[in-house]
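The values are calculated or read from the model by the stated rules, or taken from the named source; none is laboratory data. None of these values were measured; they are calculated from a predicted model. Neighbour counts run over all protein chains shown; Cβ positions are idealised from the backbone, glycine included.
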Amino acid sequence: MKIRPSSLISNISLLLLLCSVSITYGQATNKINEKQLKSLLASISVWPSHFPDSNGVPYSSWKQLIAVAKDLQNREPDSLVRSFHSLQGDAPIAVPLRDATKKLETDRKLFILLRVIFELPESIPLNESERSGGWVTGRSEVNADGTINMAWPLQWNQGRPKFVCGFCGLQGPRFDASAEYNYFRERFPMRNLSQYRDSDLPPTDANKKGVSPANAGNPK
């Protein structure tokens, strides 16, 4: 049985078209927009203003934070950067300290999320450390040996996250999530959250049912 060249070419063209559609669809489903990002952020707790230890944040809050971070790790980077920028808008460069707690809830959530998404060094020379935003730290990001914890205000102890400082305000430049995301992407790997176990989270409230992993805003 002979196969006509024209038939073979048609079949190959059809196969290539199907592959192209499949690849395009896969990329599209991985994108995110401002509305979807806002929906994900609404599902997580804000960086607390009080000074908490690892037992001061509910277990379900940690679980949901990890879930949203895992979701954003798998999003197409350019669309995520655009969503960061769109969500934060053209806000003033500096925000008065008295207004920070009320107006910068979104910034506080994005700031923490980036420190869960990326595996940042917790001991790095001062001249090699960068952080966006004029966050009030009280020098709690400085280690005993003078190095800097770039994961501040988080600390990861054998995989278990905890806050080393509550939100104290912001003085000076506003946090720029898109710029910091790009900076981290160029220099640090993403945190391996694919096999994160519930037992890695602080045990507080562990007997209560945690919030289901975020799946808000899946692209259509």
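Tabulated data for the structure shown
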item	result
Selection count, segment 132-153, where residues are surrounded by fewer than 18 Cβ atoms within 10 Å (Cβ to Cβ) and either farther than 20 Å from GLY172 by Cα or not charged (D, E, K, R) (or both)	10
In segment 129-173, the residues that are within 24 Å of PHE84 (Cβ to Cβ) and of a type in the set (D, E, K, R)	GLU130, ARG131, GLU141
Of residues in segment 163-190 being of a type in the set (D, E, K, R) and surrounded by 18 or more Cβ atoms within 10 Å (Cβ to Cβ), the one nearest to the chain's Cα centre (by Cα)	GLU180
Answer from THR137, THR106 - the residue that is of a type in the set (S, T, N, Q) and at pLDDT below 80	THR137
Some residue of segment 87-96 being surrounded by 12 or more Cβ atoms within 10 Å (Cβ to Cβ), at pLDDT 85 or above and in contact with a strand residue (DSSP E or B) (Cβ under 7 Å, 6 or more places away or on another chain)	no
Any pair with Cβ under 6 angstrom, 6 or more apart, that starts in segment 144-164 at a residue that is within 18 Å of ASP107 (Cβ to Cβ) and ends at one that is of a type in the set (Gly, Ala, Ser)	MET150/SER129
